[in-house]
Amino acid sequence: MNSTNATALQACIDACFGCAVACETCATACLEEADVQMMVGCIRLDRDCADICRLTGTLMSRGSEYGVQMAEVCASICDACAEECSQHQHEHCQRCAEACRRCADECRRMIAGG
């Protein structure tokens, strides 16, 4: 692996784990909102996205042959989570949406080969 690909891979791994933290933080904060029922969709997507991001980062870290396939799934769920979170004005949702967009971008950059 050349240094450009290694840099793209590491950026993607970092973005995946960062996104997982942002999603977990957002889900927890959503549970503390006054109208939790309104946040159910956000919480569900946050949790799913966090799990997929962690798995994707882990697979890529170990050089799994399934890393690229998971990066595609990860980018897709990150897009969905960013869309949901961006609909809410809470600061934690906005930070999560930003982390999801960054992760989706890094996954797609890594898939494209750097």
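Values as computed for the structure displayed
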| read-out | value |
| --- | --- |
| In segment 61-83, the residues that are touching a Lys or Arg at 6+ places or on another chain (Cβ under 9 Å) and of a type in the set (Asp, Glu) | 72, 79 |
| Sole residue being within 16 Å of residue 109 (Cα to Cα), aliphatic (A, V, I, L, M) and in a helix (DSSP H, G or I), chosen from 68, 21 | 68 |
| Residues of segment 57-92 satisfying the condition of being more than 12 Å from residue 17 (Cα to Cα), more than 13 Å from the chain's Cα centre (by Cα) and either touching a residue at least 60 places away in the same chain (Cβ under 8 Å) or buried (at least 20 other Cβ atoms within 10 Å of the Cβ) (or both) | 67, 90, 92 |
| Of the criteria (1) touching a Phe, Trp or Tyr at 6+ places or on another chain (Cβ under 6 Å); (2) outside any helix (DSSP H, G or I), which one residue 57 fails | (2) |
| Members of segment 13-39 that are β-branched (Val, Ile, Thr), at pLDDT 95 or above and more than 20 Å from residue 59 (Cβ to Cβ) | 25, 28 |
| Condition check for residue 6: surrounded by 14 or more Cβ atoms within 10 Å (Cβ to Cβ) and among the small types (Gly, Ala, Ser) | no |
| Subset of segment 31-49 (residues that are in a helix (DSSP H, G or I), surrounded by fewer than 24 Cβ atoms within 10 Å (Cβ to Cβ) and of a type in the set (A, V, I, L, M, F, W, C)) | 31, 36, 38, 39, 40, 43, 45 |
| Test: residue in segment 27-47 that is farther than 27 Å from residue 113 by Cα, in contact (Cβ under 8 Å) with a residue 24 or more places away in the chain and of a type in the set (Val, Ile, Thr) | no |
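The values are calculated or read from the model by the stated rules, or taken from the named source; none is laboratory data. From a predicted model like this one, the values you see are computed outputs, not experimental measurements. We place every Cβ from the backbone using ideal geometry, glycine too, and count neighbours over all the protein chains shown.
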